Amino acid sequence: LPSLPLPCSMHLIQVDSVQRWMEDLKLMTDCECMCILQSKPISAEKDEQNELILSSQYSTCDNLQLLLKRAWIISTELTRIAEKLEKNRWQRVHSMTVRVNCHVRSMINEYNTFTRNSSEEMYQFGCLLIDKCSEFTAFTERCIQTEDEQILKSMKSCINETLTTIAQYFGQLIELVLTHEAQNLLRQIELSDSVYITESAISSLFSLTQEGAHLCRIIAKEGGVVALFKICRQDCFRCLYPQTLRTLASICCVEEGMHQLEKVDGILCLADILTDNTHSEATHAEAAAVIAQITSPHLTFTQHLSSFLENMEEIVTALVKLCQEASSGEVFLLASAALANITFFDTMACEILLQLNAMKILLAACSDKDIVDTPYSRDQVVTILANMSVLDQCASEIIQGNGVQLLMDMLFERSSSGNSAEVAACERVQQKSAVTLARLSRDPEVADAAVKLSCIPRLIKLCRSPTERNNSDSVLVACLVALRRLAVMSPDGLEESDFQQLVKPRLVDSFLLCTNMEESFV
């Protein structure tokens, strides 16, 4: 996927340490001094280390990022207050309420120092939030001054109600602030002729998209997709195309972004960029990333696919060329991911790939360890092979490109890092390589090649040994199916016990047998 820019904290290393300390000190004292001045109790409880303050690890050079961090802290504190309130831990509730009060005031003051032309509605919500926080603090202060259980019980419902109101006001204020900032950034993008100003605005907009789907929805609703595609249609901004397309890919993870893309003929624009050889490889790669995003099989909304089909042949052709000419593993990953997704929703894509000799190109790429260098890339390649293997003509292409050997190698895919995402990718590689073997083994020539390469013993090992398949049930099912297909073509390749346990019974019975198998049995 697209590489992200270095976090701001990495760049701050270059800043003078005293200057950095002065910036951090303001954030820390704003909150902590106020808490002490308002008689913050010295608690004997052991959860002081969980207190959330804006220390240097949260500091950032971007005002909006600072606001988001402060908002996250407030949101977390409100949740914790509700938890302490439920347990009637009044001292903790009060101290945390004082801290939230300080954070809210600091957040509003900080935002007012850098914002421009904030709306009357934002000002009103800010005042309401501050008033409610003050009321909340007064409530909790009265609670720690009484030990009467009846009074505390009656006040608890009022405190709960006030807490709910604060959460609502806070959520609405943050929504207004983020919408306002998105509007400001988009206004800069739409009105500026300066490459520098536009680049800065797009960079800030991209940072916002990394804060989650909700922000992507806000940006899409405010016309973010329209503004960014406008940039992609102006030659004077060609140097900004990669950054712009990367931001578009992020926004298009939400349905609102897809709707906007459809309205501005975004797919046609992407096709034009991909087929224009005067663009840089970086631009082509980021356009491929947008295609990969909008064709993701995980998306539940597919209204945009009708216009995609109209441009599919051009897009697929350009993506195959990008795979063939990729200068790095990242470029190949983006292009192959887009192709893999496309093969899921239309068989015509597989036929186009066959005509373009894509099988040969992909198999050749896999032999270059600098290009296909991760399980993620191999996952994309084997996905394409699995989806293409439904075509009868695929078998001869696989044989010619030494594809059976590649599929055999993929059955040994293991994670080198133990990272959960990488482990999952390795499981998908094993599963899909077994699926592809099962489909292609209907051709006697492919089945014969698989048997000669000792695919049957490897499939048996994967079935019988849970650690070989990382305890994956999906890998087990795929291997059982592939083994049964090869056993039909080459019954002499199995021992009697393997045949009786893994081939002869119903698939579900063999599955249950293998899932209950102990390692010592193997």
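The values are calculated or read from the model by the stated rules, or taken from the named source; none is laboratory data. Computed from a predicted structure; not experimentally measured. Cβ placement follows ideal geometry from the backbone for every residue including glycine, while neighbour counts extend to all protein chains displayed. Note: areas computed on protein heavy atoms with side chains; ligands, DNA, RNA excluded. Shrake-Rupley method; radii C 1.70, N 1.55, O 1.52, S 1.80 Å.
Some notes on this structure:
- In segment 361-373, the residues that are loosely packed, with under 15 Cβ neighbours inside 10 Å and either touching a residue at least 24 places away in the same chain (Cβ under 8 Å) or in the same structural domain as VAL435 (by the TED database) (or both): ASP370
- Residues of segment 212-265 that are without any contact (Cβ under 8 Å) to a residue 24 or more places away in the chain, more than 18 Å from GLN188 (Cβ to Cβ) and more than 22 Å from the chain's Cα centre (by Cα): ASP235 alone.
- Qualifying residues in segment 275-309 (those that are in contact (Cβ under 8 Å) with a residue 40 or more places away in the chain and charged (D, E, K, R)) - the one nearest to PHE345 (Cα to Cα): GLU286
- Condition check for ILE197: open to solvent by less than 40 Å² (accessible area, probe 1.4 Å), in a helix (DSSP H, G or I) and modelled with pLDDT of 90 or more: no
- Only a single item in (1) within 20 Å of GLN400 (Cα to Cα); (2) touching a residue at least 12 places away in the same chain (Cβ under 8 Å); (3) not charged (D, E, K, R) is not met by ALA349, and it is number (1).
- Any hit, segment 417-426, residues being under 24 Å from ILE291 (Cβ atoms), surrounded by 19 or more Cβ atoms within 10 Å (Cβ to Cβ) and in contact (Cβ under 8 Å) with a residue 40 or more places away in the chain: yes
- Some residue of segment 146-164 being out of contact with any strand residue (DSSP E or B) (no Cβ under 9 Å at 6 or more places or on another chain), of a type in the set (Val, Ile, Thr) and closer than 16 Å to GLN124 by Cα: no
- Taking segment 393-413 as the range and being free of Cβ contacts under 8 Å to residues at least 40 places away in the same chain and in a loop (DSSP other than H, G, I, E, B) as the test, the residues that pass are GLN393, ASN402, GLU413.
- Residue check for SER327: touching a residue at least 12 places away in the same chain (Cβ under 8 Å) and not in a helix (DSSP H, G or I): yes
- Failed condition for LYS156, given (1) charged (D, E, K, R); (2) open to solvent by 80 Å² or more (accessible area, probe 1.4 Å); (3) in a helix (DSSP H, G or I): (2)
- Check on GLY126, surrounded by fewer than 17 Cβ atoms within 10 Å (Cβ to Cβ) and either assigned to a helix (DSSP H, G or I) or free of Cβ contacts under 8 Å to residues at least 12 places away in the same chain (or both): no
- Comparison of LEU502, LEU512, LEU483 shows that the only residue that is assigned to a helix (DSSP H, G or I) and over 22 Å from LEU407 (Cβ atoms) is LEU512.
- Answer residue from segment 293-346, given it is open to solvent by 40 Å² or more (accessible area, probe 1.4 Å) and touching a Pro at 6+ places or on another chain (Cβ under 9 Å) and is nearest to LEU245 (Cα to Cα) among those: GLU330
- Test: residue in segment 262-279 that is in a loop (DSSP other than H, G, I, E, B) and among the polar types (S, T, N, Q): yes
A quick yes/no check of all residues on (1) closer than 25 Å to ALA292 by Cβ; (2) open to solvent by 50 Å² or more (accessible area, probe 1.4 Å); (3) of a type in the set (Gly, Ala, Ser):
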position: ASP379; (1), (2), (3): yes, no, no
position: LEU385; (1), (2), (3): yes, no, no
position: ARG458; (1), (2), (3): no, no, no
position: LEU462; (1), (2), (3): no, no, no
position: VAL477; (1), (2), (3): no, yes, no
